[in-house]
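Chemist: I have a structure I would like to understand better, so I am pasting it below and will then ask my questions one at a time.
The values are calculated or read from the model by the stated rules, or taken from the named source; none is laboratory data. These figures come from a predicted structure and were not determined experimentally. Reconstructed Cβ throughout: ideal geometry from the backbone, glycine too, with neighbour counts over all protein chains shown.
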Amino acid sequence: MTVKRLLSRCLVAFPLVAAMACTEDIAMDIPEGRKRPVIEGSITNEYKRHEVILSCSSELYSEEREMISGAEVYVESNGDTIWFYEQPNKPGHYLSDSVAGVKNRWYHLEVNVTENDLYSRPLRMYADTKMSNNASGIDSIGLLPKLDENNIPLVDDDAAVCVCPYFQTLSDSSIVYNVELYLNGARFKNRPSKLFNLFPMKGYAGYYFNGPEMLQSNIEVPVGIMNKVYMHEGDVVKVKLYSISRDYMYFLVGQKLAIGVNPVMGAFPAMFSNIFSNCDAIGWFNATSVIVGEGVYHEF
């Protein structure tokens, strides 16, 4: 190797070595956004107590969450008023009495806060949303082995179990399902994650889901995956398919992509929101319908 070529390589390598040798911490001064009221709430067609959560956006990477207490919270629909009451042991969490929403009906959320630490005036926050439509129900749930590239089942202990519902879909291709899986009554998560199980119906709308006319290569389409290592003969798997709008999907994706440990931190003013207010409030009030199905797991 010539001296000239050796010198050239040394000059290229020197900045890399110097960079690797730098161990000094660099403090970054990140501007803090001002606090804004945040609303997270929903009503579904399930007969239960529904919840609205009021808080303030937090600083970047903050694990603390300042809640908003003392608010008047109610939802109006078709001449009826549903009141939400703050829980004594959970400030900022407001629950309704047990009630079931109705598909295709409009819901108006109203939140009024007389005294607050954010503004010198009373706060008014509101949202109008229509409960999404949904299929009439899930006929059955198939719990099937995942296939390899040759359509041969993977049957080792760590193999995946494909959760495949069977039901008549609606012709509305804009529907997105937010999928929840339950194992023996408990919410199932393969591992801690911020991910949302979103399943768009574009391409499937109008078909009988996993029916013969929809299948390609006779392979069912799963809406969720479960790890076989957690499952035993006779376990009951429940599937909830929440029909949501594409706008709400974008809001969930924004939460998923948020930087930091708090999904309502102060750095997301550009996130989707359906909250109107006199105080720059953000968040989402969602009215969604859900269908539920169950299946029994058998070893394969």
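Chemist: Which members of segment 129-174 meet the condition of being modelled with pLDDT of 95 or more and in contact with a helix residue (DSSP H, G or I) (Cβ under 9 Å, 6 or more places away or on another chain)?
Modeler: Thr129
Chemist: Separate question: If you take the residues of segment 63-82 that are assigned to a strand (DSSP E or B) and surrounded by 13 or more Cβ atoms within 10 Å (Cβ to Cβ), which of them is modelled with the lowest pLDDT?
Modeler: Only one residue fits best here, namely Met67.
Chemist: Quick test of your reading of the structure: Gln87 fulfils all but one of (1) at pLDDT below 95; (2) surrounded by fewer than 17 Cβ atoms within 10 Å (Cβ to Cβ); (3) of a type in the set (S, T, N, Q). Name the failing condition by number.
Modeler: For Gln87, the exception is condition (1).
Chemist: Could you grab me the full set of residues in segment 100-112 that are under 19 Å from Thr44 (Cα atoms) and surrounded by fewer than 18 Cβ atoms within 10 Å (Cβ to Cβ)?
Modeler: Across segment 100-112, the qualifying residues are Ala100, Val102, Lys103, Asn104, Arg105, Trp106, His108, Glu110.
Chemist: Sticking with this one: Could you please find all residues in segment 129-148 being in a strand (DSSP E or B) and touching a Gly at 6+ places or on another chain (Cβ under 7 Å)?
Modeler: Ser140, Ile141, Gly142, Leu143
This table checks each residue for (1) touching a residue at least 40 places away in the same chain (Cβ under 8 Å); (2) under 30 Å from Asn210 (Cα atoms); (3) touching a Cys at 6+ places or on another chain (Cβ under 7 Å); (4) not assigned by TED's automatic domain parsing to the domain that holds Met67.
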residue	(1), (2), (3), (4)
Glu86	no, no, no, no
Tyr94	yes, no, no, no
Ser98	yes, no, no, no
Gly101	yes, yes, no, no
Asn104	no, yes, no, no
Glu110	no, no, no, no
Asn116	yes, no, no, no
Arg124	yes, no, no, no
Ala127	yes, no, no, no
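Chemist: Return the residue satisfying two criteria in turn: it lies in segment 269-280 and is over 21 Å from His50 (Cα atoms) and among the small types (Gly, Ala, Ser), and of such residues it is surrounded by the fewest Cβ atoms within 10 Å (Cβ to Cβ).
Modeler: Among those residues, the one meeting the criterion is Ala270.
Yes or no, residue by residue, for (1) exposed (fewer than 14 other Cβ atoms within 10 Å of the Cβ); (2) in contact with a Phe, Trp or Tyr (Cβ under 7 Å, 6 or more places away or on another chain); (3) assigned to a loop (DSSP other than H, G, I, E, B); (4) at pLDDT 90 or above:
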| residue | (1), (2), (3), (4) |
| --- | --- |
| Arg191 | yes, no, yes, no |
| Lys194 | yes, no, yes, no |
| Phe199 | no, yes, no, yes |
| Tyr204 | no, no, yes, yes |
| Pro212 | yes, no, yes, no |
| Pro222 | no, no, yes, yes |
| Val239 | no, no, no, yes |
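Chemist: Can I ask one more? Which ones in segment 83-93 are in a strand (DSSP E or B) and farther than 30 Å from Ser136 by Cα?
Modeler: If the condition is that a residue be in a strand (DSSP E or B) and farther than 30 Å from Ser136 by Cα, then Tyr85, Glu86, Gln87, Lys90, Pro91, Gly92, His93 are the ones that fit.
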